[in-house]
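The values are calculated or read from the model by the stated rules, or taken from the named source; none is laboratory data. From a predicted model like this one, the values you see are computed outputs, not experimental measurements. When we count neighbours, we look across all protein chains shown, and the Cβ atoms used for this are built from the backbone with ideal geometry, even at glycine. Areas reflect the complete protein model, heavy atoms only, side chains present, ligands, DNA and RNA absent. Shrake-Rupley method; radii C 1.70, N 1.55, O 1.52, S 1.80 Å.
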Amino acid sequence: MLMDSTRAQDAMQRVLIDVIDVKKSYVTNLVTTPVLHGVNFSMQRGEFVAIMGQSGSGKSTLMNILGCLDTPSDGEYRLDGKQVSALSRAQLAVLRNKTIGFVFQSFNLLKRMTIQDNVALPLIYAGVSRAEARRRASQQLENVGLGEYGQRQPNQLSGGQQQRVAIARALVADPPLVLADEPTGNLDTKTSVEIMSLLTRLNREAKQSIILVTHEPDVAAYASRLVRLKDGLVLYDGPAATGLQQMRTEQLEQELGMPASEVSE
Amino acid sequence: MKFGHIFAEAFRAMLANPLRTMLTMLGIIIGIASVVLMLAIGDGIKKFIDKQLAVLGSNLILVQSDTRKSPGARARTGTTQTLTIDDAEAINRLSSVAGAVPVLNTFSQIAYGNTNANAQVQGTTSATFVIRNLRLGAGIGLSEVDVTSASRVAVLGKKIAEELFYKNDPIGQSIRIDNQSFQVIGVLDNEGQSFDMGDVGQIVLVPISTARVSLVRMQTPRSVAYIVAQSKTAEGVNEMVRDIEEVLRDRHRIRADDPDDFRVVNFGEIAKQGEAIGKGLAFALGFIGAVSLVVGGIGIMNIMLVSVTERTREIGIRMAIGARPSDVLWQFLIEAIAICLVSGIVGIAISMGLAAAVNATGMFELTVGVRAILIATLFSGFIGVFFGFYPARRASKLQPVECLRYE
Ligand SMILES: Nc1ncnc2c1ncn2[C@@H]1O[C@H](COP(=O)(O)OP(=O)(O)OP(=O)(O)O)[C@@H](O)[C@H]1O
Ligand SMILES: [Mg+2]
């Protein structure tokens, strides 16, 4: 009995994210646009998930909900054992601060602040002293290979370097989850590979849970699990290799099918 | 998030756009400077008046003849000069009076050797030294014997003594007043302006008897120009004025329904009027200051609203990584307060500079006191809170998703 309950608790704690029938509609000028039609998705600690889907399929909308930056219109979202819809704005801020590290497509570093202070900022909001925050920020910069860049300003760094700073900032407060919406979207292929290697290393070595949105199958291939969205619903949820293979087949069929029909006419 | 950190960020934000910050601060700077100057001028006027009263002596009144209002009395007595040495003595005997001195004034040429000067010569009695707080820098003052025997002695003001004698000792020297020989027996130590003598440093005091005999020709022999009297206490001034009116009406045989043939001037009242004028001036300056502070505050509010809009994305990023609405509110509120406090300090510095410039002219003394600095600092902080709150609150209410989408 005792064994059973601890195991159940263990299993509970292994679940990081639980999304149950989440719907989201936007209301603009009295017109309601449904975007998510009922998404179900759950994730264990230590997983590396890639989300793919056509433009407008609702990937960013889902990521915003997962990141507690936006609330679902309907359905339930549990993060790290907490019912997110029950939390106030201030509690959500604390939850984001402690639980989630964000990596954005456009890096989103604060100008006017040194790289070190940018990385230290989540700790400052967590109430850590400035000296300690800076010390840990430097450590984290070391970790992403930018140890010597702490005193520079963001605009003095290349895109790839800025994105690595953003990753350092996402990791500095040691959150259980990293959310990355198209982190390689503004980077060239070579730099993308660097960033993805870094994220993969974090997942393998530090068992860091990561959810990543991307358009590129090459990027998604770094993940272990793939979720495909289509028109606000989950189209595929399974191993990344299988999912990507399936995508390739679909694409090939389309490319082969089209010329064939053109020829017949 | 700690306040020191927020302040550091506020200053960084201010420095990010220095010209704009400076222009925004201008209204508050002008406002604070004029409020501080207002307080300094208010204090300055009060000090100026207090100093004059101290030079003159306190609780003093002046009795002048005033025949304009009583042609009937003039016709009956056949004179125009109604106050006499005997009136002064009668006033001196009143129980409410600490001392009373008769005064005869003349503007005369003073000569020592080849040096000439023009000065006001005042014929008076020894009591004048007591009731006017006159101090001697050298020698002795006028004595009762000097007055009764009409001695040809004079006490000089500090400046006139320097003018005539330069660095030599004037005591015992002989000077000429309107070509008549007088011996200098004393030099005054007092400085400043007095209501009836002008610059105390420029005065020459002689016994009233000597003045009457040698310097001033009056229509009746015992007439005086006016009488200065001091009451025993500050509260007793009004009582003394009533007593004086009573004794003079009696002595001048004025009938109950006739008006007075003299006029009592209360220096305390004049001082109070001066103070009231000073207060009025200070109030006007304060009003100008208040208006420019309000206008400046609106300017701050405007620029903070612009700043919130400009930094929407920054707000989104901060919220995403863990800034609570209250953190955002404090950040913008403290930025507004910091702008106002820096403006306040600059305003105080400017007003101190202006006060120093005014003081350098030597005409008027302006001191920017601790009270003024404290009031100005608190006031500018308050403006920051008042006009910074709305923009800060607006920033704190922004939704993180929308901020992050903002270009
Ligand atoms: N704030 C909003 N108000 C109204 N409609 C919105 C809003 N945000 C997103 N949408 C709509 O929701 C749909 C999904 O948008 P979303 O940004 O989630 O797509 P996405 O999958 O991330 O696309 P992309 O690959 O281009 O980033 C789109 O049709 C978009 O127009
Ligand atoms: Mg998107």
Net charge near residue B:240 (other residues with Cβ under 14 Å of its Cβ; Lys, Arg +1; Asp, Glu -1) is -3
Check: C-alpha center the range B:305-347 vs C-alpha center the range A:26-81, spacing in Å is 31 Å
If unit charges are put on Cβ atoms (+1 for Lys and Arg, -1 for Asp and Glu) and the dipole of chain B is taken about its Cα centre, the option from B:33, B:404, B:328 lying farthest towards the positive end turns out to be B:404
Under the helix-only model (-39500 (n - 2.57) for each DSSP H run of 4 or more, divided by the residues of the protein assembly as shown), the mean residue ellipticity at 222 nm, to 500 deg cm²/dmol, is -16500 deg cm²/dmol
In the protein assembly as shown the DSSP beta bridges are antiparallel at a rate, in percent to nearest 5, of 70 percent
Excluding residues fewer than 8 positions from residue B:158 in its own chain, the lysines with Cα under 18 Å of it are B:51, B:167
The size of the Cβ-based charge dipole (Lys, Arg +1; Asp, Glu -1) of the protein assembly as shown about the Cα centre, to the nearest 20 debye, is 740 debye
For residue B:279, counting only aspartates and glutamates whose alpha-carbon sits under 20 Å away and dropping same-chain residues fewer than eight positions off, the answer is B:43, B:50, B:269, B:365
Projected onto the charge dipole of chain B (unit charges on the beta-carbon of Lys, Arg, Asp and Glu, signs +1, +1, -1, -1), the Cα from B:386, B:301, B:106 with the largest positive-side position is that of B:301
Carbon/sulfur accessible area of the range B:83-251, % of total, 1.4 Å probe, equals 46 percent
With the dipole of the protein assembly as shown defined by +1 on each Lys or Arg Cβ and -1 on each Asp or Glu Cβ, the option from A:173, B:186, A:217 whose Cα lies farthest towards the positive pole is B:186
One would report the antiparallel percent of DSSP beta bridges in chain A, rounded to the nearest 5, as 55 percent
In the structure shown, of A:111/A:230; B:159/B:272; A:23/A:82, the pairs separated by more than 25 angstrom at the C-alpha atoms are A:111/A:230; B:159/B:272
accessible surface per residue for the protein assembly as shown, probe 1.4 Å, DNA/RNA/ligands not counted, whole Å² -> 48 Å²
Magnitude of the Cβ-charge dipole (Lys and Arg +1, Asp and Glu -1) of chain A about the Cα centre, nearest 20 debye, reported as 1300 debye
Summed over the other residues with a beta carbon less than 12 angstrom from that of residue A:250, with K and R at +1 and D and E at -1, the charge totals +1
The rounded separation in angstrom of the Cα centers of the range B:173-227 and the range A:140-156 is 88 Å
DSSP beta bridges in chain B: the antiparallel percent, rounded to 5, is 85 percent
Residues other than residue A:145 with Cβ under 13 Å of its Cβ, Lys/Arg counted +1 and Asp/Glu -1, net out at -1
Asked for the total accessible area buried by A and B (1.4 Å probe, Å², nearest 100), one would answer 2500 Å²
Per GNM of chain A with C-alpha springs under 10 angstrom, the most fluctuating residue out of A:139, A:245, A:161 is A:245
With +1 on the Cβ of every Lys and Arg and -1 on the Cβ of every Asp and Glu, the dipole magnitude of the range B:174-251 about its Cα centre, in debye rounded to the nearest 20, is 500 debye
